[in-house]
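Below is one structure, written out as structure tokens; comments come after it.
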Amino acid sequence: MAFLHGIEHLNLPADFVPVNDVVTAVIGLVGTADDGDTNKIILCKSAKDDAQFGTSGTIPEALRAIRMQDSARGSALVLVVKVTPANEETGIVAADIVGAVSDTGVRTGLQLFVTAAGQFGFEPMIYIAPRYSALGAVKQALITITDTTEAMAYIDTPDGYTFNVAIASRGNGRDFYMLTDGQKLLFPHFLVPNPSSTGETDKYLNVPMSAFCAGLRAKIDLEEGWHVSSSNHRITGVEGLDVALTFALGDVSCEANLLNAAGITTAVNMYGNGIVEWGNYAAGYPGNANTEAFECVRRTRAIMKRTIEQACVRFIDKPFIKANVDAIRNTVNQYLNGLKSQGKIVEGQCFYRPESNPTGELAVGHLTFDIEFTPALPMQRLTFTYKIDLAALSAIAE
């Protein structure tokens, strides 16, 4: 060290870095419209932005449903990909929605969303393709995307499904048997007021659930937090279901409960609260009955991963010294403590353990940190026991 007779000032790094949550109220929407750019990702922040897609097609229909769920805390960010004009809808095939990557790297359809994070700094947490998501190739593309990104895809059953058909669709080899924890299967369709109605016969329109549920999910993220299940929350703009379902809170055999038991999310008329979404599990249930089958638990883990990744990227390629190891661990623990104080998790801690870091791995610059956490699970079943206590009768005459 150089000789100094005097005073010097040294700037030391903090033992952790601030962590900011990733943006979660983001929807990826692909479909048709009569206006707007084709096969480009367009960010829509409000109804003003939505207007560029006109009024006809699945995109305007979905955007209207999403904006109906807006609140004082904000609105969903929607990344929109239009694949074809609305007046060409009759010629739409699954390949148009799925899209492709050309030899020169030009992307179309769902394939465009790979570039979203690089363009906007965030990517969809929910993917929807209303009126097309039930097509075989579209389903498979959505499964691939959500398996890769750990986001969710909201998939509608086709218009015209009955209760029995919806239940049967989950059987081996049927339409929706292959869905996993990354998808939410929705049945039935919603009835919404028809603005062009001329009488009782055309009073309502049948509209898929997915855009309404995606908008609701974004609303809950903004108002209550991404750890809160969207089940038992009111959906705005809906006046009924196109298939009447039986429902009672204590009835294990009611149709709404049987749908949930088959891994299908539905909606019920909750007296005094309107139409509410009903169901906590993703479509991986009942095959996967572990806690990660809850949609809100899957989203909790996915959001934690994305946030920690963004916070710790600054440590990549820094020297392997104790100060940097401590800084990484402290950064993650600071974040987990914040989640715990907000009620987003029950408990969480990050460890750097020698047994997880053999010398051979350290020698090639590979460090492993172990994160253990307890998610906030939805209280989906409440049981009250009743016991008649006759002993109190003896006190009456006293």
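A few comments on the model shown:
- Separation between Cα centres of segment 174-212 and segment 69-140, rounded to whole Å: 19 Å
- GNM top mover of Gly274, Gly121, Gly237 - the chain, alpha-carbon springs below 10 Å: Gly121
- Computing Cα extents along the principal axes in Å directly from the structure and comparing it against (1) 94, 88, 43; (2) 68, 40, 36; (3) 93, 57, 53 singles out (1).
- Antiparallel DSSP beta bridges within the chain, percent to nearest 5: 55 percent
- Full extension of the chain between Thr383 and Asn290 gives 31.4 nm of extra length, using 0.36 nm per residue less the Cα-Cα distance.
- Across Lys48/Lys184; Lys184/Lys318; Lys219/Lys387; Lys40/Lys318; Lys40/Lys340; Lys48/Lys340, pairs whose alpha-carbon gap is larger than 32 Å: Lys184/Lys318; Lys219/Lys387; Lys40/Lys318; Lys40/Lys340; Lys48/Lys340
- In a fully extended conformation the segment linking Met178 and Tyr204 would gain 6.1 nm over its present Cα-Cα distance, using 0.36 nm per residue.
- Spin-label pair Tyr352/Asp317, simplified geometry with 7 Å Cα→Cβ offset, distance in nm: 2.0 nm
- Dipole magnitude of the chain about its Cα centre (Cβ charges: Lys, Arg +1; Asp, Glu -1), debye to nearest 20: 440 debye
- For Lys184, the residues whose modelled amide H falls within less than 5 Å of its own, excluding neighbours fewer than 5 places apart on the same chain, are Ala153, Tyr154, Ile155, Ala283.
- Calculated FRET value between Gln310 and Ala72, using beta carbons and R₀ = 22 Å, to 0.05: 0.20
- Cα gyration tensor shape for segment 207-261, rounded if a/c is under 1.5, else prolate or oblate: oblate
- Of Asn260, Asn288, Asn164, the one that fluctuates the most in a GNM where the chain has Cα springs shorter than 10 Å: Asn164
- R0 of 56 Å, Cβ-Cβ distance Ser394-Thr236: FRET efficiency to nearest 0.05: 0.55
- Since only Ala262, Val78, Ser394 are under comparison, the one whose Cα sits farthest along the positive direction of the charge dipole of the chain, derived from C-beta charges on Lys, Arg, Asp and Glu, is Ser394.
A short reminder: the numbers here are calculations on the coordinates, not readings from a lab. Being a predicted model, the structure only gives us computed values, none of them experimental. All Cβ positions, even for glycine, are placed from backbone atoms using ideal geometry, and neighbour counts span all protein chains on display.
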